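Notes to accompany the following structure.
What follows draws every value from the coordinates through simple rules; no lab data is involved. Predicted model, so just to flag it, every value in this text is computed and none were measured.
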Amino acid sequence: AALSHARARATFFVLLTRTRRYRSLLDEIVSAGHELALHGADHRPLTGFAPNEVRSRCTAARAELEDQIGRAVTWLRPPYGRQTFRTDRQIRAAGLTPVLWGPSVGDTVELAHQHRVQRAATARGGSILLAHDGASVGVGMGQVNRVDSCNLAVSRAGDRARGSVAASDAFFPFA
């Protein structure tokens, strides 16, 4: 209702485990004219699968979602943002383009609704807003140079950067 009221369109990255369970919600998203993209068959990280299994899982998931919505699906946001050169190649071989995220609305931490709205409103153009299951530990955006953005994110994260996964609001040039 909020998107319709604002005459806005969104891209929804969905899990097949959820689209199977909540078909009416999926149909509502489609009928409202929003774009649908794939988040995965389930929420298991693709980095835990062999390359041929990554490709077959992505191919099958893409086909199932396309059958459900009656239109082409081109995007995949890997679960947890975990991606390697190997998984990137397999995702692309399945006919999908991987996309990652930048800023977060902090949906896994206790925040007032208005604070979440403010965080969303300050995302810069070209960013991919994370509204899912992992709060960001550091965000570096708005820099012309991606290395500067990375350094800024690591600086903001401090000790929390150790063992974290890097994501960008731009496509990684792995192709």
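Annotations for the structure displayed:
- Some residue of the range 16-29 being at positive phi and not hydroxyl-bearing (S, T, Y): no
- Among residues of the range 1-31, those that are farther than 19 Å from T74 by Cα and assigned to a loop (DSSP other than H, G, I, E, B), counted: 5
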